[in-house]
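Please find one structure pasted underneath; my questions will follow.
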Amino acid sequence: MIHGESYKPIVAEAAKKSADKVFNRICVTHLLMDESRENRIAGAVGFNVRTGNYHVFKSKTVICGAGGASNIFKPRSVAKGPADLVRALVVRSAYGLMINAGAR
């Protein structure tokens with residue numbers, strides 16, 4: 001089984017090679033609605049968690065891929081509860097973005 005400690009660097013390197021620009025450590029706070037097309041997302045806004053810089057991303061397609069990644073890390077203890085708590089918090093933040101944009 002590949003654990004997060006080895007898997008994340010592999011995925012990050014592939015992303016850097018395939019993209020023109022990579023934005024790391026951005027906390028997306030809101031999705032932007034498309035004014036010309038009803039019920040369409042046109043981008044997102046957020047800030048860098050280390051520098052505080054504000055970013056606005058415009059896009060033709062937006063994929064909300066947050067949550068459910070708690071099982072890729074080796075457990076640090078035998079308790080299962082903390083991993084479930086992290087997964088629940090991450091998934092809820094993704095739901096919050098989509099609900100504020102009008103998703104059901």
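Looking at segment 30-43, which of its residues are without any contact (Cβ under 8 Å) to a residue 40 or more places away in the chain and touching a strand residue (DSSP E or B) at 6+ places or on another chain (Cβ under 9 Å)?
Passing the criteria: 32, 34, 35, 36, 40, 42, 43.
In addition: Pick from 93, 18: which is more than 14 Å from the chain's Cα centre (by Cα) and at pLDDT 65 or above?
18
Evaluate segment 57-77: report whether one residue or more is at pLDDT 90 or above, within 15 Å of the chain's Cα centre (by Cα) and either over 20 Å from residue 7 (Cβ atoms) or of a type in the set (Lys, Arg) (or both).
There is at least one residue in segment 57-77 that is at pLDDT 90 or above, within 15 Å of the chain's Cα centre (by Cα) and either over 20 Å from residue 7 (Cβ atoms) or of a type in the set (Lys, Arg) (or both).
Taking segment 1-23 on its own, how many of its residues are touching a residue at least 24 places away in the same chain (Cβ under 8 Å) and within 19 Å of residue 65 (Cβ to Cβ)?
Number of matching residues: 5.
Among the numbered criteria (1) at pLDDT below 90; (2) in contact with a strand residue (DSSP E or B) (Cβ under 6 Å, 6 or more places away or on another chain), which one does residue 24 miss?
(2)
Applying the selection to segment 15-38, what residues are closer than 18 Å to residue 103 by Cβ and aliphatic (A, V, I, L, M)?
Passing the criteria: 28, 31, 32, 33.
The values are calculated or read from the model by the stated rules, or taken from the named source; none is laboratory data. Please read these numbers as outputs of a predicted model, since none were measured by experiment. In this analysis, Cβ positions are derived from the backbone assuming ideal geometry, glycine residues included, and neighbour counts consider all displayed protein chains.
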